[in-house]
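Q: Sharing a structure with you now.
The values are calculated or read from the model by the stated rules, or taken from the named source; none is laboratory data. Quantities reported herein were computed from a predicted structural model and do not represent experimental measurements. Don't worry about glycine lacking a Cβ; one is built from the backbone with ideal geometry, like all the others, and counts go over all protein chains shown.
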Amino acid sequence: MMKKASKIKSISESQVRGPIHSFSETEIKSLRKKLLKWYDANKRDLPWRNIKGEDTNHKAYAIWVSEIMCQQTQVATVIDYYNKWMKKWPTLESLSNSSIEEVREVWAGLGYYSRGQRLLEGALKVQNELDGQIPGTAEQLQKKLPGVGRYTAGAIASISFNEATGVVDGNVIRVLARLRMIGADFTSKNVMAAMWDLANAIVDPDRPGDFNQSMMELGATVCTPQAPQCNTCPVQSHCKAIKQMDHLTRDPATKLTKSILSQPPLKKEEIQDIECAADGCTLCLDGPPDTNLGVMNYPRKPKRKPLRQQIHAVCIVERQLSQESEYLVVQRPDTGLLAGMWEFPSIEIAEGISPKKMRNKMDDYLKGTLNMTLKNVQKRRHICQFVHMFSHIQQTYELETMIIEEEEGDGCERSQESEDTPHHQWVSRSAFENQAVSTGMKKAFEAYNGRAITKKSGKKSKKSEMENGNAAKQRKLDSYFTKKEEKTSRYFTKEDS
Ligand code: SF4
Ligand SMILES: [Zn+2]
């Protein structure tokens with residue numbers, strides 16, 4: 001056991017980090033002052049920044065909710081969800097009395113659905129095991145709360161409990177990488193360890209929460225992934241990436257720009273300040289920077305893994321009753337992608353499968369898995385094909401519809417259900433719209449209703465409006481597939497799992 005520990009230590013000690021990738025004490029003081037001043041004057045007005053009162057436990061709950069929602073989701077999208085959530089569950093205790101179904105309904109459309117489930121589990125744990133008190137340090141938060149990792153723990157502890165601990169999220173990584181010219185793959189353990197060391201070293205001990213938010217705010221609004229606004233950056237004088245570009249673009253062998261040439265050239269010590277002296281440094285760029293990219297050389301993106309490709313046959317089964325139509329929806333398993341969400345009957349199919357086989361497979365699913373025999377099928381049509389993107393999967397949906405005309409209770413025979421039968425039910429249009437349904441299925445319903453599929457809700461793209469015209473035709477499945485020269489309506493939508 002002892003041997004193993006000393007081996008691990010020697011590996012981490014062998015990671016060479018050149019001194020240009022760290023901050024001096026003087027720089028740290030200056031950075032804190034400049035960033036906090038800038039933050040006080042420029043911070044965005046966000047609902048979780050306006051929590052009134054001295055109740056730190058309540059503040060921690062609100063920050064916890066906002067931080068979990070903001071993971072992998074843009075702040076502009078989160079605001080409405082956050083307000084809705086806090087209106088429904090203003091306290092952690094009220095959340096702990098809710099059901100997973102209610103949580104899924106409020107979370108629907110926000111993506112990465114397990115986040116809502118973890119929040120509910122966390123609330124239950126705090127209420128049942130921790131006397132209703134959220135742990136007050138980053139270490140305990142991470143240890144005790146499900147779904148709370150190092151970043152979220154640091155954010156809650158620094159913002160709500162004033163603990164002087166740093167945070168490292170995507171925005172902070174970008175700012176630090178540019179300030180300190182860290183160009184090695186930031187997903188590596190070594191670079192992440194360096195990022196945490198830097199974040200913990202620079203956090204302001206008097207205003208840790210505000211300081212951490214100022215770093216994140218700078219990354220979100222000024223030091224952005226594309227087109228960073230270096231001219232208005234409050235910490236430009238500490239930025240080594242911009243100094244390096246300034247120096248490199250003066251070299252006639254690379255690229256000269258008028259604005260750079262109008263500035264005095266870097267002094268000798270300033271040049272030393274952007275040249276890493278450490279042999280085998282594990283934080284430097286792997287090779288010379290691309291002057292066309294400018295400061296965007298940092299951070300260096302890891303090579304993206306190719307997206308997993310899946311094809312799904314999706315069938316919107318509508319039964320037309322005397323009053324209104326109902327739609328068949330099935331609940332996904334409790335774990336994995338889109339856990340617990342409701343969807344139209346959906347099955348993964350092999351690439352290149354014939355339309356007839358696809359239809360047979362859907363029939364088998366309805367009959368064999370859901371134990372349903374659908375009678376009086378009046379129409380069965382192919383609607384469109386659309387591509388739905390997850391962070392790691394590209395799903396192509398072959399969307400068809402089946403319309404059943406029936407009297408109440410007729411037209412659909414159900415055999416005995418077993419424990420393995422997925423939960424399924426008939427829901428009205430309004431119930432479907434308020435149910436915990438994934439964005440992909442909402443888009444499928446839009447296409448079915450002849451509405452355009454848009455990449456972002458609320459905005460209709462010209463392309464999708466045009467395509468909507470095609471969707472409205474709703475060609476019959478058979479004719480659609482037999483005429484090879486006909487092209488399908490194809491849409492693209494995006495969601496996180
Ligand atoms: S100067 Fe530019 S690259 Fe450097 S930290 Fe500021 S915005 Fe980012
Ligand atoms: Zn280096």
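Q: Name the pairs: first residue in region 57-68 and under 14 Å from Gly132 (Cα atoms), second residue of a type in the set (S, T, N, Q) and in a helix (DSSP H, G or I), Cβ to Cβ under 6 Å, at least 6 apart or on different chains?
A: The qualifying pairs are Lys59/Ser160; Ala60/Ser160.
Yes/no matrix, rows are residues, columns are (1) more than 22 Å from Gln140 (Cβ to Cβ); (2) among the basic types (Lys, Arg); (3) in contact with a Pro (Cβ under 9 Å, 6 or more places away or on another chain):
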position: Lys34; (1), (2), (3): yes, yes, yes
position: Trp38; (1), (2), (3): yes, no, yes
position: Asn50; (1), (2), (3): yes, no, no
position: Thr56; (1), (2), (3): no, no, no
position: Ala60; (1), (2), (3): no, no, yes
position: Ser66; (1), (2), (3): no, no, yes
position: Gln74; (1), (2), (3): yes, no, no
position: Ile79; (1), (2), (3): yes, no, yes
position: Met86; (1), (2), (3): yes, no, yes
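Q: Check Glu139 against each of (1) in contact (Cβ under 8 Å) with a residue 24 or more places away in the chain; (2) surrounded by fewer than 20 Cβ atoms within 10 Å (Cβ to Cβ) and name the one condition it does not meet.
A: Of everything listed in (1) in contact (Cβ under 8 Å) with a residue 24 or more places away in the chain; (2) surrounded by fewer than 20 Cβ atoms within 10 Å (Cβ to Cβ), Glu139 misses just condition (1).
Q: Name the residue that is nearest to ligand 2 (Cβ to nearest atom), counting only residues in region 161-203 that are under 21 Å from Trp48 (Cα atoms) and in contact with a Phe, Trp or Tyr (Cβ under 8 Å, 6 or more places away or on another chain).
A: Val168
Q: Let me ask you something else. Taking the condition of being surrounded by 13 or more Cβ atoms within 10 Å (Cβ to Cβ), farther than 26 Å from Val16 by Cα and under 27 Å from the mean Cα position of the chain (by Cα), how many residues in region 260-317 meet it?
A: Residues flagged as surrounded by 13 or more Cβ atoms within 10 Å (Cβ to Cβ), farther than 26 Å from Val16 by Cα and under 27 Å from the mean Cα position of the chain (by Cα) within region 260-317 amount to 6.
Q: Search region 339-395 for residues being hydroxyl-bearing (Ser, Thr, Tyr) and surrounded by fewer than 17 Cβ atoms within 10 Å (Cβ to Cβ), and hand back the single one that is nearest to the chain's Cα centre (by Cα).
A: Ser391
Q: Can you spot a residue in region 283-305 that is within 15 Å of ligand 2 (Cβ to nearest atom) and at pLDDT below 85?
A: The answer is no, given that none of the residues of region 283-305 is within 15 Å of ligand 2 (Cβ to nearest atom) and at pLDDT below 85.
Q: If you don't mind, another one. Which strands (runs of 3 or more DSSP E) sit wholly inside region 285-394 and have at least 1 residues that are in contact (Cβ under 8 Å) with a residue 12 or more places away in the chain and closer than 30 Å to Gln117 by Cα?
A: The strands (runs of 3 or more DSSP E) meeting that bar are 308-320, 325-331, 346-349, 377-389.
Q: Let me ask something else about it. If you check Ser188 against the conditions, is it assigned by TED's automatic domain parsing to the domain that holds Ser30, farther than 25 Å from Ile271 by Cβ, small (Gly, Ala, Ser) and in contact with a Leu (Cβ under 6 Å, 6 or more places away or on another chain)?
A: no
Q: For Ala220, indicate whether it is away from ligand 2 (no atom under 16 Å from the Cβ), under 20 Å from the mean Cα position of the chain (by Cα), surrounded by fewer than 22 Cβ atoms within 10 Å (Cβ to Cβ) and assigned to a helix (DSSP H, G or I).
A: It is true that Ala220 is away from ligand 2 (no atom under 16 Å from the Cβ), under 20 Å from the mean Cα position of the chain (by Cα), surrounded by fewer than 22 Cβ atoms within 10 Å (Cβ to Cβ) and assigned to a helix (DSSP H, G or I).
Q: Follow-up question, since we're still on this one. Does Glu105 satisfy the condition of being among the acidic types (Asp, Glu), within 18 Å of Ile51 (Cβ to Cβ) and either in the same structural domain as Gly219 (by TED's automatic domain parsing) or surrounded by fewer than 23 Cβ atoms within 10 Å (Cβ to Cβ) (or both)? Quick ask: steps written out before the conclusion?
A: Details: among the acidic types (Asp, Glu): yes; within 18 Å of Ile51 (Cβ to Cβ): no; either in the same structural domain as Gly219 (by TED's automatic domain parsing) or surrounded by fewer than 23 Cβ atoms within 10 Å (Cβ to Cβ) (or both): yes.
Against the criterion (among the acidic types (Asp, Glu), within 18 Å of Ile51 (Cβ to Cβ) and either in the same structural domain as Gly219 (by TED's automatic domain parsing) or surrounded by fewer than 23 Cβ atoms within 10 Å (Cβ to Cβ) (or both)), Glu105 does not qualify.
Q: Of all residues in region 223-247, which are away from ligand 2 (no atom under 16 Å from the Cβ) and aliphatic (A, V, I, L, M)?
A: Ala227, Val235, Ile242, Met245, listed by residue number.
Here's the yes/no breakdown for (1) modelled with pLDDT of 95 or more; (2) part of a helix (DSSP H, G or I); (3) in contact with an Asp or Glu (Cβ under 7 Å, 6 or more places away or on another chain):
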site: Arg32; (1), (2), (3): yes, yes, yes
site: Lys37; (1), (2), (3): yes, yes, no
site: Ala41; (1), (2), (3): yes, yes, no
site: Glu54; (1), (2), (3): no, no, no
site: Tyr61; (1), (2), (3): yes, yes, no
site: Thr77; (1), (2), (3): no, yes, no
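Q: Could you please give the count of residues in region 352-372 that are over 21 Å from Leu328 (Cα atoms) and of a type in the set (D, E, K, R)?
A: Just the residues of region 352-372 that are over 21 Å from Leu328 (Cα atoms), to begin with: 352-357.
Now drop any that are not of a type in the set (D, E, K, R), which leaves 356-357.
Selection size over region 352-372: 2.
Q: Now for a different question. Can you list the helices (runs of 4 or more DSSP H) found entirely within region 126-213 that contain at least 2 residues being farther than 26 Å from Thr282 by Cβ and modelled with pLDDT of 95 or more?
A: 138-144, 150-161
Q: Kindly indicate whether Met389 is at pLDDT below 85 and closer than 23 Å to Gly440 by Cβ.
A: No: the conditions fail for Met389.
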